Ligand SMILES: Nc1ncnc2c1ncn2[C@@H]1O[C@H](COP(=O)(O)OP(=O)(O)OP(=O)(O)O)[C@@H](O)[C@H]1O
């Protein structure tokens, strides 16, 4: 069996008195498409940021591509980051630069210091950037300012920028949270297609259960910084789907509706071996359902 590409063990992260991550265990194999599913504040961004060395654990281990990430600094950390693409909710493009220049900045991931202007990049890099823009369907926008594009288009530029690194892993932090439903679907489909073409491993955070179910191969649910479910999405029955809603649901009213639905399908619920009972406590305590109430 091959070594997992990501191995997180016993990861705790505190910000002052806030326990953002609490004993997180996560193993991802090469080529897997994993959704981190949870409400706002459940710890998704914090976990993703640990995978790229943007946060340091309070305790625990974070191994990515065979490296113990918290022990890396300087050139070794930059080298790791050059193998890990990151796509953010707010795209993080430079608005005044052209689309092409934004994509080219992806080539800087492993380097120190800025570059000025299109012509400071090698011809091969410029051609590669145009190829990635073509891949995301925006070749005709290459010389337009980034801030003249729609949100969905800007996120596609951000994906092209990440591809410029030729990453092995793509991390995406709520990549469609700022987009309308149609653009969201397009962007999520694009990420999947690209991942399949390039054999990428993807870890993507989302807060919508529906979107996660239709997109990921596997869902890892977070609540109050703890992993509360870890399940493959293929072949899930209605009862398992309802259970996923229950484990990450927000308002008490929503949870109650889910409990009624679960009661109605209790026979099917008994036959739900696909769900690992990663955190029975969170499941049993409706008060835990409202992440925002902490
Ligand atoms: N730099 C920080 N300083 C203090 N608290 C933080 C910091 N980063 C995260 N937190 C806290 O850690 C918890 C988890 O936050 P995190 O951003 O990881 O959640 P999330 O699930 O990604 O939510 P969202 O999608 O809203 O960002 C929250 O309570 C948050 O307020």
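Computed from the coordinates by the stated procedures, all read-outs in this text should not be read as laboratory data. This one's a predicted model, so the numbers in the text were calculated from it and none came from an experiment. Virtual Cβ from ideal backbone geometry, glycine too; neighbours counted across all protein chains shown.
The table below lists the values:
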| item | result |
| --- | --- |
| FRET efficiency, residue 196 to residue 123 (Cβ-Cβ, R0 22 Å, nearest 0.05) | 0.15 |
| Gain upon complete extension [residue 94, residue 178; 0.36 nm per residue less C-alpha separation] | 28.5 nm |
| Three-way shape call for region 94-166 based on the alpha-carbon gyration tensor, with the a/c threshold at 1.5 | prolate |
| Rough spin-label spacing in nm, given labels placed 7 Å along Cα→Cβ, for residue 67 and residue 210 | 4.0 nm |
| Label-zone membership for region 64-90, site residue 9, 7 angstrom Cα→C-beta point, backbone N under 20 Å | 64-72 |
| Between region 163-233 and region 21-39, the alpha-carbon center distance in angstrom | 11 Å |
| Shape category assigned to region 1-98 from the gyration tensor of Cα positions, a/c cut at 1.5 | rounded |
